[in-house]
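J.: Right, I'll just put the structure down here and ask away after.
The values are calculated or read from the model by the stated rules, or taken from the named source; none is laboratory data. None of the values given here were measured: they were computed from a predicted structure. Cβ sites come from the backbone with ideal geometry, for glycine too, and all protein chains shown count toward neighbours. For accessibility, only protein heavy atoms count, side chains too; no ligands or nucleic acids. Shrake-Rupley method; radii C 1.70, N 1.55, O 1.52, S 1.80 Å.
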Amino acid sequence: MHTQPELFPETLLVSHDGERIYTDSLSVAAHFEKTHRDVLRKIRHLSELQSVAFTERNFALSEYLDPTGRRLPKYELTHDGFAMLGMTFTGQKAALFREDFLAAFHAMERELAARDRRYVRALAQVRPTLIPVVEMTKKGMGRAAIAAPLGKSPAAVTYHRRAARSLGLLEGRAA
């Protein structure tokens, strides 16, 4: 009987870089017990069959260093790229792995979405204290002129300006 995978099982090697969730051809080869050369061949064949837009979006050519120090090709695959490639593999192990792999992708997507929601809530709480500083700064007012009506020190205005810049509410250098 097939058991439910951990949220992010190490053996599935699903990664993210903050913007995208992906795996790579080396991981796929290891887990499907295929040679990396065969997985690369399948990806190249799929790339010939798919649209250029799909291929560019879902199969990013990269490289890795092998144990001897040679630079060799590998691909980074998105969820859709993996799904397309995974459909070409057969057998029970392949079917179970696809199931686990898709579950890991979806779990990571849920975690990243939850993190985004937490960020939006935090930003909503912080913005009201920054808005007056941002508006007065955009009007060209200096730190002292902003600080006085808000009951803040010029140093606090500098702090708020830096925070506003880091959130994308102001442009330019912190001052």
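J.: Quick one: how many residues across segment 31-56 are surrounded by 14 or more Cβ atoms within 10 Å (Cβ to Cβ) and part of a helix (DSSP H, G or I)? Spell out how you get there, then give the answer.
T.: Within segment 31-56, the first condition is being surrounded by 14 or more Cβ atoms within 10 Å (Cβ to Cβ), and the residues that meet it are 31-32, 34, 36, 39-40, 42-44, 46-47, 50, 54-55.
Next cut, part of a helix (DSSP H, G or I) only: 31-32, 36, 39-40, 42-44, 46-47, 54-55.
Of the residues in segment 31-56, 12 are surrounded by 14 or more Cβ atoms within 10 Å (Cβ to Cβ) and part of a helix (DSSP H, G or I).
J.: Provide a single number: the residues in segment 143-166 that are buried (at least 18 other Cβ atoms within 10 Å of the Cβ), farther than 19 Å from GLN125 by Cβ and among the small types (Gly, Ala, Ser).
T.: Residues meeting the conditions: 1.
J.: Find the residue count for segment 73-93, including only residues that are under 16 Å from the mean Cα position of the chain (by Cα) and open to solvent by 30 Å² or more (accessible area, probe 1.4 Å).
T.: Going through segment 73-93 one residue at a time, the tally reaches 3.
J.: May I ask you to verify whether ALA60 is modelled with pLDDT under 95, closer than 16 Å to PHE97 by Cα and either open to solvent by 60 Å² or more (accessible area, probe 1.4 Å) or aliphatic (A, V, I, L, M) (or both)? Before the answer, list the steps.
T.: Numbers: modelled with pLDDT under 95: yes; closer than 16 Å to PHE97 by Cα: no; either open to solvent by 60 Å² or more (accessible area, probe 1.4 Å) or aliphatic (A, V, I, L, M) (or both): yes.
Spelling it out, it is not the case that ALA60 is modelled with pLDDT under 95, closer than 16 Å to PHE97 by Cα and either open to solvent by 60 Å² or more (accessible area, probe 1.4 Å) or aliphatic (A, V, I, L, M) (or both).
Yes or no, residue by residue, for (1) part of a helix (DSSP H, G or I); (2) touching a residue at least 60 places away in the same chain (Cβ under 8 Å); (3) under 28 Å from the mean Cα position of the chain (by Cα); (4) exposed (fewer than 14 other Cβ atoms within 10 Å of the Cβ):
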{"position": "VAL133", "(1), (2), (3), (4)": "yes, no, no, no"}
{"position": "MET136", "(1), (2), (3), (4)": "yes, no, no, no"}
{"position": "MET141", "(1), (2), (3), (4)": "no, no, no, no"}
{"position": "GLY168", "(1), (2), (3), (4)": "no, no, yes, yes"}
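J.: Of the residues in segment 143-166, how many are among the hydroxyl-bearing types (Ser, Thr, Tyr), over 24 Å from ASP17 (Cα atoms) and in a helix (DSSP H, G or I)? Reasoning before the result, please.
T.: Quick first cut of segment 143-166, residues among the hydroxyl-bearing types (Ser, Thr, Tyr) only: 153, 158-159, 166.
If we keep only those that are over 24 Å from ASP17 (Cα atoms) too, we end up with 153, 158-159.
Keeping just the survivors that are in a helix (DSSP H, G or I) gives 158-159.
Total meeting the criteria: 2.
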